[in-house]
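Q: I'd like to ask some things about the structure below.
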Amino acid sequence: MKTPDPGRRVLFDLILAAVTLTAIATVVLPFPSHHILAYYADDFFYYLQIARNLAHHGRSTFDGITLTNGYHPLWLLVVAAFYFCAGDQGVFAGVAVLTVAATVSTYQIGRAHV
């Protein structure tokens, strides 16, 4: 049986700690403030509105009346799934954790191909 590399275990522990701390910081720090949207790009608001309407009403609409399709469908489905599962506050934690996980995954894939 092959002995696990201790360096890989330390890297895994660091990645797990980074994801956990990001999730905790995202949930605890900005929510007492009403300025949480300041942490996200301004076009993300467009996705938030459509995702909220899709999750709550089942309609792809920005204003609640007019149907729209001017977005990236996969990203909208991810944001809408966060809204559906976790509500208004949970969507921000989900996006933050997903962003950290995607960053770590990209780093690992790049590192493996060097």
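The values are calculated or read from the model by the stated rules, or taken from the named source; none is laboratory data. Please read all numbers here as calculations on a predicted model, not as lab measurements. Only protein heavy atoms, including side chains, enter the accessible area calculation; ligands, DNA and RNA are left aside. Shrake-Rupley method; radii C 1.70, N 1.55, O 1.52, S 1.80 Å.
Q: Express the accessible area of region 56-114 per residue in Å², computed with a 1.4 Å probe while the remaining protein chains stay in the model. Numbers along the way, then the final one.
A: Working: 3910 Å² over 59 residues.
Roughly 66 Å² per residue, with all protein chains present.
Q: Considering amide H positions built from the backbone, and no H for Pro or chain starts, which residues 5 or more places from Phe62, or on another chain, come under 5 Å of its amide H?
A: Thr68
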